Amino acid sequence: MILDRKTKLLFGLGAVAVTLIARLFVIQIIDDKYKIDSSNNSMVYSTIYPTRGIIHDRNGNILVGNKVVYDLLVTPKEVKAFDTLEFCTALAIEPEFVKEKMDEYRRFRSRIGWQTLTFLKQLPPERYMKFAEISYKFPGFRGQARSVREYPYNAGGNLLGYVSEVDADFIKKHPDEYRSGDYAGKTGIEAAMEKELRGEKGYNIYLRNSSNRIETRFRDGEMDKEAVPGNDITTTIDAELQHYGQMLMANKVGSLVAIEPSTGEILTMVSSPGIDVEMLADIGTHYSEISRNPYKPMFNRAVQAPYPPGSVFKLVNALIGLQEGVVYPGTLHPCSKGYHFGKNKLGCHVHKSPLNLEESIMMSCNAYYCYVLRDILDNPKYGGVAEGMDAWHDYVQSFGFGQKLGSDFPSELGGFVPDAKYYDKRYRKGGWKSLTVISLSIGQGELGCTPLHLANLCATIANRGFYYIPHIIKDSDNYKIDNKYREKHYTAVDTCHFPKVINGMYRAVNSGYGSGGTASVAEVKGLEICGKTGTAQNPRGDDNSVFICFAPRENPQIAVAAYVENGGFGAAWAAPIASLLVEKYLNGEISDKRKPLEDKMLNADLMYKVKKN
Amino acid sequence: MGLYDSRNNRRSFSQTIDWWLIACYFIITVIGIMNIYASVHSVDGGNIFDPSLRSGKQIIWLGISLVAATLILLAIPPRLYEGLSVPIYVLTILLLILVIFIGGDVKGSRSWISLGPVKFQPAEISKIATSLMLAKLMSQTDYKIGKYKDFLITAMIILVPMLTIILQKETGSALVYCGFIFMLYREGLSGWYIVAAGLAILIFILTLTTSSYFAIFGLYFLLIIYLGLKDGRWILLLSAGIPAAVLFGMLPWLFGIIGEKIDNPDSFFFLIKPIYFLLAMIAGVIPFIIQSAYRKRHFYSYIVAAGMVAGILFSFSTDFIFNNILQDHQRGRIEVLLGLKEDPSGVGYNVNQSMIAIGSGGAFGKGYLQGTQTTFGFVPEQSTDFIFCTIGEEWGFFGSAAVILLYVFLIWRIIHDAEESREAFTRIYGYCIASCIFMHLFINIGMTIGLMPVIGIPLPFVSYGGSALLSFSLMLFIFIALRKNEKKYF
């Protein structure tokens, strides 16, 4: 059968009609999807937002609470002409803003249709109440209460993190969990504990009548769902101590971390400069200001900055040496203003020589640790320096260095500890020896440790050989922490070796001025602080000032690591700051004798020394 | 009585008018007015004749259109159109160009001219002018579309208004001019142009809006029809092809149902995809076509087999290129163009709301004025471009299918009349307007049910809009008048 063109065209017409009708058949009869959606459309789901869980500190103080603010919503189609001046006065906004918004609604009116949009966000209750009194004059506008975060203490901005409205990307990453207009924790504890804190949204169902007015509750509210408030969370943070730590670190770049050694609970974690809690509550307004700040306040140095540890790392080498049997408390090594090898030398300051292990810690002798490290690496029991290096690497890792500790804090970084493979790659296999890596002896070179690592080292020594993974969420009835935070992590060094090192740390602090002890400035009568200073080289300006300490000597309550960028000697800034924190925690106040030191620390401004990024 | 009749053996006015077309016109415009009222009544109140409502205004415009129609049928000598087609065309083009510069800006397009209280779009008139011009040119006795020069002039006549309308940023209206290809085909243009272009567009859009499966299924469906048409093997077509097509059409749906019943996510079942069956089926059919082509030395069958394979490859490569090679922002633009992107306040919002409205109508609809979706203004452009939603929601599947069939009847009747006509001018003009109405119908309804990207053009005779209703009425009644004039003598 040969068809003429007219018939073919008519067949085409028929095919198109069949296609259209088939499609109609699918969406009107087969597919349920559109029917479900359409019941959603004539039933109005009015969301009830849950209140977010409260974040407490370890003593039950509220670190993050909630307060009520109002969003002003507008349904442009219902807006009638109104007195702009009165409107603006009540809301304290500019007439230009209103005009701009209204023009925008008019321009997109066909797109907007009957949708309700947000006109103003986060009005304080006083302001909204003023408007509510006269709101009858402004049809189309209504307020919606919303709870936002409130911060009674100025403590822990970086730790707590902020809550903000979810954006399209976030919704895409968490399908079915969030919808546009929801809020979610974006950083810090707010982000890490989002699932606990957020609670469950509820809804009221209303029915629209035939003129789009909400008329009745659907089945008298039988199908409504109550919002479930979020769980409260207790942190291990001590709000007062955190606040004090932030004051001490003000106008300095660096970090201050305090851990309770007997539990691994983080008492204080300061990253300076940090984010003020005032900014957290209204992150939207301050976000660009914060992200433009050259000192990067969003960057949490305490867990993200890999620093060279400096001389505090001598403690680790001393412990490894003791365990390996290459050094004993009585071992004497000479120091003639440094360690000389060939034409080179690794310099040291003037102190007595020769000296034993305790004295080497107390006076922080560089040469002593060059001998110790070489004895560890070149130990004949290993086949060569590469094997010695790997043994050393394993020891160091057992202290938690060079890896993420596994804390519950988000975005923790692992730092770096080199091994033989690393140097083989860097020089060539067999192309390096113990002298090549001699800076490791004094905590320089390729090492990268976060302040959290250093605080953890200090807690490990305080515990005589083990640590609990540092964590920031405290076990409570509302929230059970993971069992991994209750496990002791032993180092590869036997417990019996730790007291020998602790003696040195005790003498470094408590020997008095003129004794050669490097940390006399940290001495507090009666607290038996044991500490170790460090002065880490910083290629960008002055050395970094480092100090770790714990107290008291027996049954330690607190272990602290202080790291002040470009602060110079460890004894200059880090030691006073750390010791003041310890004194505040254990005594509750600073003794009169140390008040001048406290004033100096609180008021010092070292920002000029730090190169901006 | 006509004023222009001079012969004695004339037929009466009522005998020469195609009453079917007139009846069809009235039914469709009344459906339009009813649904315009349905889409505005709940927000604005009032009754259907209230002249402050859109439905009332549309009634006034229907009145104006009927006055014009009466003039066309009774007062204007139909011979005039042929004589005046060139000046009308030239004037319209000038107006189209003028409007680019002086046109009022309505929703981003500069295509409106205000004459006192009345706004109108020259683009509406230009469809009539272009149709008349094409009819005039192509009805010349020495015209042959196969001739290079004639083809070029024809293409120019279509492309010039098309381009000026694109410059007015009314791309949707310009797309309607593509419909003239059907008229050209009727007048002798090789059909392979249509087939190739149509298939490429079909596969492209189907692949991106649904899936490769449906694109290939569409091809398969066409293949079956071809096989049926080729040798007139209707029995084969009806007994094997159609059931197979229905089966394959429902296969993904069946898979969905079975998939829900299976708890184990690692089940072997999920490794099987509906497309495997489809490809296997096609792989079975193609050798059969080639063998038959070889035996019968049937050249077209080779082309069809090759086209089938090319189409499958084209579909997969569209899918692959779109999802794997294009960058996000490039993909985004195409998605917006095709209305794929979930953009609640933009393009995607309209389509989604429109499909919800239509889908909620079910088989029989919610009843006139009982719709909840369309009457609450969820669907923007409710009484104009998205008027079909109201029909779909309130009149359901049977009602909206009936409306589509009514249009099919209208177009069929125009083609039928055009074919009966003894004058090439009338025939060509008839095909032109049939093509225009067809394009409007397909694009507009296709858009509301998510088959076509969102292209804002009205549904003829139904969408609210005075100048559109008037110009569609003029278009149709000129044809009725041309037919009447012929019938008088033959």
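Do we have A:Y70 as within 14 Å of chain B (Cβ to nearest Cβ) and of a type outside the set (A, V, I, L, M, F, W, C) here?
It is false that A:Y70 is within 14 Å of chain B (Cβ to nearest Cβ) and of a type outside the set (A, V, I, L, M, F, W, C).
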* Asked: Of all residues in the stretch A:144-163 being surrounded by fewer than 19 Cβ atoms within 10 Å (Cβ to Cβ) and not charged (D, E, K, R), which is nearest to the other protein chains (Cβ to nearest Cβ)?
  -> A:Q144
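What about A:V610, is it under 23 Å from the mean Cα position of the chain (by Cα), under 17 Å from A:A455 (Cα atoms) and not small (G, A, S)?
Values: under 23 Å from the mean Cα position of the chain (by Cα): yes; under 17 Å from A:A455 (Cα atoms): no; not small (G, A, S): yes.
The answer is no for A:V610.
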* To do: For the stretch B:145-197, please list each of the helices (runs of 4 or more DSSP H) lying entirely inside it that holds at least 3 residues being touching a Ser or Thr at 6+ places or on another chain (Cβ under 6 Å).
  => B:180-186
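Table: residues versus (1) within 30 Å of B:F277 (Cα to Cα); (2) surrounded by fewer than 17 Cβ atoms within 10 Å (Cβ to Cβ); (3) not charged (D, E, K, R).
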residue: B:A155; (1), (2), (3): no, yes, yes
residue: B:I158; (1), (2), (3): no, no, yes
residue: B:I166; (1), (2), (3): no, yes, yes
residue: B:Y185; (1), (2), (3): no, no, yes
residue: B:Y193; (1), (2), (3): no, yes, yes
residue: B:I201; (1), (2), (3): yes, yes, yes
residue: B:F204; (1), (2), (3): yes, no, yes
residue: B:A215; (1), (2), (3): yes, no, yes
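Would you point out which residue out of B:G450, B:G465, B:G377 is modelled with pLDDT under 95, more than 10 Å from every other protein chain (Cβ to nearest Cβ), surrounded by 20 or more Cβ atoms within 10 Å (Cβ to Cβ) and on the phi > 0 side of the Ramachandran plot?
Just a single option satisfies the conditions, and that option is B:G465.
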* Structure fact -> Inside the stretch B:51-79, the number of residues satisfying the requirement of being touching a helix residue (DSSP H, G or I) at 6+ places or on another chain (Cβ under 8 Å), in a helix (DSSP H, G or I), of a type outside the set (A, V, I, L, M, F, W, C) and surrounded by fewer than 17 Cβ atoms within 10 Å (Cβ to Cβ) is 1
* To do: Determine if the stretch A:220-227 includes at least one residue that is at pLDDT below 85, within 14 Å of chain B (Cβ to nearest Cβ) and crowded, with 17+ Cβ neighbours inside 10 Å.
  => no
* Structure fact -> Residues in the stretch A:487-533 that are surrounded by fewer than 17 Cβ atoms within 10 Å (Cβ to Cβ), hydrophobic (A, V, I, L, M, F, W, C) and touching a Gly at 6+ places or on another chain (Cβ under 7 Å) total 0
* Among (1) touching an Asp or Glu at 6+ places or on another chain (Cβ under 9 Å); (2) assigned to a helix (DSSP H, G or I), the one test that A:L586 misses -> (1)
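This table checks each residue for (1) crowded, with 18+ Cβ neighbours inside 10 Å; (2) polar (S, T, N, Q); (3) modelled with pLDDT of 75 or more.
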| residue | (1), (2), (3) |
| --- | --- |
| B:Q291 | no, yes, yes |
| B:R295 | no, no, yes |
| B:Y300 | no, no, no |
| B:V309 | no, no, yes |
| B:Q330 | no, yes, no |
| B:K341 | no, no, no |
| B:A357 | yes, no, yes |
* **Residues satisfying the stated conditions in the stretch B:394-409, i.e. under 14 Å from the mean Cα position of the chain (by Cα), over 12 Å from B:I31 (Cβ atoms) and crowded, with 19+ Cβ neighbours inside 10 Å** => B:V408
* Just one of (1) within 14 Å of chain B (Cβ to nearest Cβ); (2) crowded, with 19+ Cβ neighbours inside 10 Å; (3) touching a Leu at 6+ places or on another chain (Cβ under 8 Å) trips up A:I112, so point out which. => (3)
* To do: Please work out if B:L94 is free of Cβ contacts under 8 Å to residues at least 12 places away in the same chain, in a helix (DSSP H, G or I) and more than 14 Å from chain A (Cβ to nearest Cβ).
  => yes
* In the stretch A:471-504, what count of residues is obtained for those that are in contact with an Asp or Glu (Cβ under 9 Å, 6 or more places away or on another chain), assigned to a loop (DSSP other than H, G, I, E, B) and either under 17 Å from A:T235 (Cβ atoms) or charged (D, E, K, R) (or both)? -> 7
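Yes/no per residue for (1) in contact with a Phe, Trp or Tyr (Cβ under 7 Å, 6 or more places away or on another chain); (2) facing another protein chain (nearest Cβ under 9 Å); (3) more than 20 Å from B:T171 (Cα to Cα):
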position	(1), (2), (3)
B:T384	yes, no, no
B:V403	no, no, yes
B:W412	no, yes, yes
B:A418	yes, yes, yes
B:S421	no, no, yes
B:C432	yes, no, no
B:F461	yes, no, yes
B:F479	yes, no, yes
* With respect to the numbered conditions (1) in contact with a strand residue (DSSP E or B) (Cβ under 6 Å, 6 or more places away or on another chain); (2) within 10 Å of another protein chain (Cβ to nearest Cβ), which one is the sole condition not fulfilled by B:L441? -> (1)
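The values are calculated or read from the model by the stated rules, or taken from the named source; none is laboratory data. Everything quoted here is computed from the prediction, not taken from an experiment. All Cβ positions, glycine included, derive from the backbone under ideal geometry; neighbour counts span all protein chains shown.
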